[in-house]
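Engineer: The following block contains the structure, expressed as C-alpha cells.
What follows is calculated from the coordinates using simple rules that are stated; it is not laboratory data. Just so it is clear, the model here is predicted, and its values are computed rather than measured. Cβ atoms come from the backbone with ideal geometry, glycine included; neighbour counts cover every protein chain shown.
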Amino acid sequence: RLTCDDGATLKIGGQQLLDTERSPGFTDELGVDLQAGDYAVEIPFYEDKGNFKLKLEWKRPGDENFSVVPSNAFKSEVGQTFVVNPG
C-alpha cells in the first residue's frame with residue numbers, strides 16, 4: 001500500500017505497480033507475491049503545497065493488517081546519501 005498526499009508511484013524491479021495520483025484518497029494498493037531476494041525499489045513523488053505525507057506499507061504472509069515497511073528492509077549502495085527526513 002502506498003499513500004501520498006499529492007502523487008507518488010511505486011516501482012519494484014523497474015515495473016510500476018502503484019500510482020496514488022489516480023486513486024481515491026491518494027492511496028493505492030495491490031497484492032504482489034515476491035520471491036526471496038533483492039529488488040530495486042523506487043518511489044518517485046511530488047509535493048504540490050501544504051503538508052507532506054508519504055507512506056509505504058506491506059502485509060506480510062500471515063499478517064491481518066498493513067504495517068509500515070521498516071527501514072531495515074532496505075539497503076543501499078555504499079557511498080550514497082539519501083534524504084530520509086525533512087530539513
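Engineer: With the requirement that a residue be of a type in the set (Gly, Ala, Ser) and either within 13 Å of the chain's Cα centre (by Cα) or over 21 Å from Ser76 (Cβ atoms) (or both), what does region 14-60 give you?
Structural biologist: Ser23, Gly25, Gly31, Ala40, Gly50
Engineer: Same structure again: Of (1) touching a helix residue (DSSP H, G or I) at 6+ places or on another chain (Cβ under 6 Å); (2) on the phi > 0 side of the Ramachandran plot, Gly37 satisfies all except one. Which?
Structural biologist: (1)
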